[in-house]
Amino acid sequence: MPIDKSKLLNKMRGGPAPKKPEQPKPPTEKPKPEVVATEKVTALCGHTLDFAHFSEKQDKFREARRKKLTDKPCPDCRAKANAERVAVEKVAIAERKKNRPPKQQYSSIKIERLPHGSTFAFEPFDLPNLLWKGTLTIVCPPPGVAIDLSLFPVTFSSQNTAFFRLATILDRQWRRWFEDHLPAEKVEDSEKIPLDTETGTN
Ligand SMILES: [Zn+2]
């Protein structure tokens, strides 16, 4: 291990030694040796890059350094590829958001309790696969909401590693379905049912 000069100097001055023993710095953080020559090398993308040579004594890893440059695309191409990847991800995220009703809609739903007679049913826990499977069956619309009765009963099914999460997912599936099937005309405020977003999970 190389002698830690700052530690040694501190000791000589009687000052406190640094708390952490200094790690030998990775090669990239070392001050770069003097460039004695520049070679043109071709990166994986086909672009030409400048490759610096240091004096023989300070350049034991020249081959490895060159390989590092030529084995991957140039920094510009990598930055470009990265930006494109980020852009594609952004579009995908925006797309997913667009296809999903915004969260706000859930808080404005007119029903807050599951309708009378709603049933959760769960399969025995599948430990090897860490899975809970279950269904939520809704037998009728909430009172005061004119959804076509012939659509009922409606059953939602899902699976999750967490039991309470599964119940919540089923509950949300119903709420989403309910929103999609809400009649255009508004439900009277007087017909609203008290809010309880955790319905069915307790
Ligand atoms: Zn390139």
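Bear in mind that the values in this text are calculations on the coordinates, not laboratory data. Note that the coordinates shown come from a computational prediction; the quantities given were computed from them, not determined experimentally. Don't worry about glycine lacking a Cβ; one is built from the backbone with ideal geometry, like all the others, and counts go over all protein chains shown.
Values computed for the structure shown
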| read-out | value |
| --- | --- |
| In the stretch 126-139, residue farthest from the chain's Cα centre (by Cα) [restricted to those that are among the hydrophobic types (A, V, I, L, M, F, W, C) and surrounded by fewer than 16 Cβ atoms within 10 Å (Cβ to Cβ)] | Val139 |
| Members of the stretch 147-161 found to be touching a residue at least 24 places away in the same chain (Cβ under 8 Å) and in contact with a Leu (Cβ under 9 Å, 6 or more places away or on another chain), listed by number | Ile147, Ser157, Ser158, Gln159, Asn160, Thr161 |
| The stretch 73-99 residues that are within 18 Å of Gly46 (Cβ to Cβ) and near the ligand (Cβ under 10 Å from one of its atoms), paired with ones that are assigned to a helix (DSSP H, G or I) and not acidic (Asp, Glu) (beta carbon under 6 Å, 6 or more apart) | none |
| Cβ pairs under 7 Å, 6+ apart, first in the stretch 28-57 and without any contact (Cβ under 8 Å) to a residue 40 or more places away in the chain and part of a loop (DSSP other than H, G, I, E, B), second within 13 Å of the ligand (Cβ to nearest atom) and β-branched (Val, Ile, Thr) | Ala43/Thr70; Leu44/Thr70 |
| Among residues of the stretch 58-72, those that are in a helix (DSSP H, G or I) and more than 14 Å from the ligand (Cβ to nearest atom), counted | 8 |
